[in-house]
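Comments concern the structure below.
The values are calculated or read from the model by the stated rules, or taken from the named source; none is laboratory data. It should be emphasised that the depicted structure is a prediction, and the values quoted were computed from it without experimental measurement. When we count neighbours, we look across all protein chains shown, and the Cβ atoms used for this are built from the backbone with ideal geometry, even at glycine. Just so you know, the surface numbers come from the protein's heavy atoms only, side chains and all, with ligands and any DNA or RNA stripped out. Shrake-Rupley method; radii C 1.70, N 1.55, O 1.52, S 1.80 Å.
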Amino acid sequence: MKRHTRHVTADLAVIGTGIAGCAASIFARDLGLTVAQIGHSGAMAYTTGYIDLLGVLDGRVLDDPWSGLDALRSTDACHPLARMTNHDIRTAFDRFVRLLGEMGLGYTAPGDRNVSALLPYGTTKPTLSLPDTMLPGSDALHRRAPALIIDFEGLQGFSATEFCTNMASVWPGLRPARLVFPGLEARPVFPEVMARTLETPVAQEQLADLIQPLLNGAETIGLPAILGLQAPDRVRARLEQLTGATLFEIPTIPPGVPGIRLREAFERELPRRGVLLEPQNKVSEAILRSTGVDLTVQGALDDLRIEASAAVLASGRFLSGGLKSDRYRVKETVLNLPVRQPETRDGWFSAEYLDPAGYPVNKAGIEIDAAFRPLGPDGVPASDRLFAAGVVLAHQDWVRQRCGAGLAIATAYGAVQAAAGSINAR
Amino acid sequence: MTSLRETDVLIIGAGATGAGVMRDLALRGISSILIDRSDLNAGASGGNHGLLHSGGRYVSADTRTAAECHREADILKRIAPHCIDDCGGMFVAVEWDDETFARRFPDHCRDAGLPCKELSTDAARTREPALPGTVIAAYAVPDATIDPFALVLGHVDHAIHLGDSAYLPHTAVDVFEIANGVIEMAMCRDLRTGAETRIRARQVINAGGASTMDIAQRAGCSDVKLLYSKGTLLVSNTRISKGVINRLRVPGDGDILAPGGTVSLLGTSSVTVPRIEDNRPTVAEIDHILAEGTQMLPVLETTRFIRAFSGVRPLLAAPDAGGNARRASRRFLLFDHEDQGLKNFVTIAGGKLTTFRLMAEKTADLVAARLGNTAASTTSTTPLPQGDAIRWTEPGLAARDWYRRADPSDMIMCECEMVAQSAVDDITADAPGAESHMSLKAIAQRSRIGKGACQGAFCAMRVTSHLYDTGVYDSRGGLELMRAFLAERYRGVRPVLWGAQLPQAELAEILHCGLAGLDLMGSSTTGEPE
């Protein structure tokens with residue numbers, strides 16, 4: 001049987017369905033561009049759900065990410081975030097967080113200061129915005145409010161005892177407790193399954209009944225992030241009503257519910273906003289033309305051919321397949337763009353584990369110009385119609401600097417603005 | 001806090017030799033305390049191919065060592081079959097190799113009494129499909145592999161169960177108190193807690209591997225002279241060959257591919273090193289081993305490797321070897337130190353994993369005689385028992401056990417190697433060393449935890465949480481021990497990070513920094529909210 005090929009034209013093709021790709025599609029639709037987006041969004045389940053902007057600089061935890069960005073501009077001008085003004089970054093960040101709210105995932109409005117967000121092992125992470133379901137945990141930490149932390153039999157890698165023990169020096173008054181999740185007795189339990197279960201009123205009531213006897217005066221309760229997938233704020237409100245206590249979520253070991261919520265929300269919302277979304281496929285061929293970018297996607301049943309006037313490359317790093325390596329060099333996988341990287345493999349990783357400077361390979365990636373255009377081998381833009389965003393970019397260390405989401409959102413905004421300019425100028 | 005312990009024999013060094021001596025003595029009715037500054041097999045006993053040499057590697061240079069290997073391997077196959085994969089082996093020369101040297105191999109084997117069967121190129125490639133068409137000579141020999149961790153755990157466990165013997169991990173001798181040619185007391189320290197233990201033993205055995213020279217000097221003996229040879233090996237993600245494949249040439253680097261259960265080990269390099277502290281594998285060593293190894297097995301060019309490690313061979317310094325460790329003797333030597341003025345101190349040095357039992361027997365013979373014990377060694381005939389808490393180093397066992405028991409509440413903690421919570425609980429309860437607060441690292445050494453493709457990225461976090469739940473950890477120190485475990489894994493992982501392992505490394509960063517905040521631990525601001 002001959003394979004069928006669908007032909008599509010779009011103003012903008014977005015390669016990648018992580019946070020950068022999804023933000024790019026939204027920003028492009030805001031500008032009235034037609035958008036086709038291709039990628040494989042599995043890696044989003046590895047996020048904590050926190051939307052950070054810049055949490056750590058030179059190994060120091062930042063209280064104020066905005067002045068951190070100012071410092072970055074003077075010390076590390078190649079950092080992708082240093083290529084944008086705080087005004088543009090704030091515009092992009094605000095827009096994105098507002099969008100999450102419109103999609104049913106309440107997030108705190110980004111302010112001027114980072115917040116200490118809770119991590120499951122009793123440590124914290126500086127972040128600028130966090131899910132409404134997680135905010136009361138940070139507040140409780142800030143106030144050193146007594147809290148009951150609950151974990152579940154069979155849920156691995158999340159121990160209320162561990163959380164309370166490791167937090168004890170900064171947050172006394174924590175008390176751990178363990179519950180058996182209703183209907184999931186004597187077996188391993190997974191956050192995604194618990195979250196789907198908790199979308200039903202019956203399960204909410206059963207859980208509340210189990211929590212009640214543990215309260216013993218506690219007004220605040222921490223749980224692993226399992227409070228529903230589609231409408232966590234509603235699930236949380238309902239459980240608070242049933243228990244009479246304030247509830248908050250703590251992220252879990254991946255695949256985690258906060259990331260799955262984001263992925264599912266985008267997969268619902270983007271088509272609704274007119275984006276042609278192919279979230280289960282990767283680009284198999286990309287050709288740069290003077291008039292735009294042609295992409296081929298090999299689907300399970302048919303092929304998709306996209307002719308776009310411009311493209312944003314937001315394909316991620318090694319985990320998402322945007323970069324790969326052999327024993328000698330790191331390569332970019334979609335267009336074979338040059339990758340800035342250490343001279344030899346011996347320089348990729350530092351001698352010491354968790355070297356405070358970050359591993360040099362963390363900052364490998366593709367180089368861009370001021371208009372977010374990837375540079376070709378000769379140091380000039382590979383195309384006037386190709387732009388790049390997100391963690392595939394060089395000169396940043398998103399994990400260590402706690403800037404992954406902010407970098408994705410801000411550079412998606414910058415790349416889309418530049419792409420729109422190139423399309424309108426034709 | 002100081003405690004005093006009394007015993008017949010103090011054994012320093014919990015590698016194969018120390019564990020072997022402990023069991024040999026226990027079988028003669030002699031009690032001992034075994035101590036190690038780290039833990040079981042922390043040195044060369046754990047840092048090797050796991051090869052139970054047929055002797056083939058030494059036939060051309062040292063007939064006696066070759067014959068000794070052959071005899072000892074046969075004994076171990078009888079007494080400890082559960083620790084051994086009797087997979088067979090092959091010596092193979094390829095186009096670039098010296099054919100004249102290769103053709104003399106059967107004669108050398110005959111001289112050492114070693115069975116050896118010539119194989120045609122086709123027969124060799126049928127047996128080992130990974131071999132290339134460039135094979136010019138191939139001989140089958142009775143090589144096998146041995147799990148050094150199962151072996152040592154089994155020996156220590158057996159000795160403990162036979163009587164009054166004990167094992168103390170992370171314990172080292174600070175000072176020997178010597179009077180009238182007798183070590184009267186060993187002042188020891190628990191390196192984790194700082195607590196002092198005084199051990200009064202009638203005899204003291206130095207089986208410290210690469211540390212034997214230091215330990216002997218601490219007792220005032222200057223007669224032990226060693227040459228340190230660093231060897232590096234790579235671990236592949238899957239098993240590449242059915243049996244051991246040796247390069248048939250003058251022993252060099254990257255010569256041996258040995259199966260290790262579900263994986264294969266490729267090595268080694270041999271670099272004479274002045275000190276033994278920092279024996280981490282390097283990128284240059286890995287690339288060198290691969291360049292050599294791919295000549296014999298081109299498939300190695302595209303093989304996925306998940307880890308590397310280095311061991312230090314403590315070799316007896318032979319006057320004719322110069323600085324060349326490949327030419328140094330693989331023989332062992334027992335020092336009675338009587339000419340050094342000591343009556344109750346012995347050092348056992350040199351040797352090989354394959355000959356550890358014989359080394360232990362000779363050592364125990366001397367010490368037993370000094371104690372007036374006339375019982376003969378029975379280790380060449382007494383089977384090594386197995387036990388519930390010490391069987392978890394065997395690849396694939398955890399998975400089989402879990403499927404067989406079909407208990408859905410018994411969670412899998414390490415998905416790569418299918419190690420269940422019940423196995424972790426067995427080990428923390430009963431494995432040798434359990435009485436002294438078993439850490440993630442100690443559990444990993446007694447199981448397959450952290451040995452799969454993710455190299456502990458996930459299971460370190462799961463096991464750590466479980467150890468908090470079960471009360472083994474009760475402070476932030478548990479998180480620091482997790483970091484220390486991962487730091488040690490990283491040393492071995494770093495030089496093989498390319499290809500499919502780079503996504504794993506990125507995932508590890510996301511988990512350990514993004515989700516656990518380990519990179520900010522100890523920084524003044526972490527955990528200190530605004």
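Here are some notes:
- Dmax and Rg, reported as Rg then Dmax, of chain A (C-alpha, Å): 22.3, 69
- Shown for the range B:213-364 is the translational diffusion coefficient from the Stokes-Einstein equation, using the Kirkwood radius over Cα pairs, a temperature of 4 °C and a viscosity of 1.567 mPa s: 76 µm²/s.
- For chain A, with +1 on Lys and Arg beta carbons and -1 on Asp and Glu, the positive-most of A:Leu215, A:Ile409, A:Pro146 along the dipole: A:Ile409
- Helix A:232-243 and the longest principal axis of the Cα set of chain A meet at an angle near 0°.
- Cα shape, the range A:124-208, gyration tensor, a/c 1.5 rule: prolate
- Degrees between helix A:257-272 axis and first principal axis of chain A (Cα, 0 to 90, nearest 10): 50 degrees
- For a paramagnetic label modelled on B:Val273 (point 7 Å from Cα along Cα→Cβ), amide N atoms under 12 Å away belong, within the range B:217-259, to B:228-233.
- Simple rule: put +1 on each Lys or Arg Cβ and -1 on each Asp or Glu Cβ in the protein assembly as shown, find the dipole, and look at B:Thr282, B:Ser439, A:Val97; the Cα lying farthest toward the positive end is B:Thr282.
- Check: the range A:35-160 dipole with +1 on Lys, Arg Cβ and -1 on Asp, Glu Cβ, in debye: 120 debye
- In the range B:241-301, the GluC sites (Glu not before Pro) that fall in loop regions by DSSP, at most 12 other Cβ within 10 Å: B:Glu277
- Over the range A:135-250, accessible surface divided per residue gives 39 Å², non-protein components excluded, 1.4 Å probe.
- Taken over the range B:388-520, the percentage of Cα pairs per 5 Å bin, counting from 0 up to the bin with the maximum distance, is 2, 10, 21, 23, 21, 13, 8, 2, 0.
- Taking the Cα centre of the range A:135-250 as origin and assigning +1 to Lys and Arg Cβ atoms and -1 to Asp and Glu Cβ atoms, the resulting dipole is close to 180 debye.
- Buried solvent-accessible surface, both chains (B, A), 1.4 Å probe, Å² to nearest 100: 5200 Å²
- P(r) weight above 26 Å for the range A:1-124, C-alpha pairs, percent: 35 percent
- Helix axis angle, A:404-424 relative to chain A longest principal axis, alpha carbon, degrees: 30 degrees
- Projected area averaged over orientations for the range B:355-407, convex hull of C-alpha atoms, nm²: 5.5 nm²
- The convex hull around the C-alpha trace of the range B:30-94, projected and averaged over every direction, spans 7.0 square nanometres.
- Measuring r between the beta carbons of B:Gln386 and A:Arg187 and using R0 = 35 Å, the FRET efficiency lands at 0.70.
- Taken over the range A:276-426, the ratio of Cα radius of gyration to 2.2 N^0.38 Å equals 1.08.
- Straightening the chain between A:Gln212 and A:Gln241 buys 9.3 nm, computed as 0.36 nm per residue apart minus the Cα-Cα spacing.
- Sequence-distant contacts, meaning Cα pairs under 8 Å at least 6 residues apart, place the relative contact order of chain A at 24 percent.
- Of the trypsin sites (Lys or Arg not before Pro) found in the range A:12-98, no site is in coil according to DSSP while having at most 14 other Cβ atoms within 10 Å of its Cβ.
- Rounded to the nearest 20, the Cβ-based charge dipole of chain A about its Cα centre (Lys and Arg +1, Asp and Glu -1) stands at 640 debye.
- Under 13 Å from a label point set 7 Å out along the Cα-to-Cβ vector of A:Asn281, the amide N atoms of the range A:1-40 belong to A:3-9, A:36-40.
- Centre-to-centre separation between the Cα atoms of the range A:137-212 and those of the range B:373-429: 33 Å.
- Heavy-atom accessible surface of B:His82, to the nearest 10 Å², is about 60 Å², with a 1.4 Å probe and all protein chains retained.
- Antiparallel DSSP beta bridges within the protein assembly as shown, as percent of all bridges there, nearest 5: 60 percent
- Prolate/oblate/rounded label for the range A:338-416 (Cα gyration tensor, a/c 1.5): oblate
- Free-standing Cys residues across chain B, given no other cysteine C-beta under 4.7 angstrom: B:Cys69, B:Cys83, B:Cys87, B:Cys188, B:Cys221, B:Cys416, B:Cys454, B:Cys513
- Distance between the C-alpha centres of the range B:89-152 and the range A:264-323: 52 Å, rounded to the whole angstrom.
- Where the Cα pairs of the protein assembly as shown fall when distances are cut into 10 Å bins, in %: 2, 11, 18, 20, 18, 15, 10, 4, 1, 0
- Förster radius 25 Å - calculated FRET efficiency between B:Asp407 and B:His161 (Cβ-Cβ, nearest 0.05): 0.35
- Between the beta carbons of B:Val182 and A:Arg234, assuming R0 = 56 Å, the FRET efficiency works out to 0.10 to the nearest 0.05.
- Projecting the Cα positions of A:Leu81, A:Ser67, A:Val56 onto the charge dipole of the range A:19-92 (unit charges on Cβ atoms of Lys, Arg, Asp and Glu, taken about the Cα centre) puts A:Leu81 furthest along the positive direction.
- Between the range A:27-64 and the range B:1-70, the alpha-carbon centres lie 55 Å apart.
- In order through the range A:343-352: 3J(HN,Hα) via Karplus (6.51 cos²θ - 1.76 cosθ + 1.60), integer Hz, x for Gly, Pro: 4, 9, 4, 4, x, 5, 10, 5, 5, 9
- Per-residue SASA remark: B:His466, around 20 Å² accessible (1.4 Å probe; ligands, DNA and RNA not included).
- Mean separation of Cα contacts under 8 Å, 6 or more apart, over the residue count of chain B: relative contact order %: 17 percent
- The mean sequence separation of alpha-carbon pairs under 8 Å and at least six residues apart, normalised by the residue count of the range B:388-520, gives a relative contact order of 21 percent.
- Beta bridges per DSSP, both residues in chain B: antiparallel share near 70 percent.
- The range B:107-231: C-alpha gyration tensor shape, a/c 1.5 cut-off, then a/b vs b/c: prolate
- Value of D in µm² per second that Stokes-Einstein yields for chain B, Kirkwood Rh from Cα pairs, at 4 °C (1.567 mPa s): 54 µm²/s
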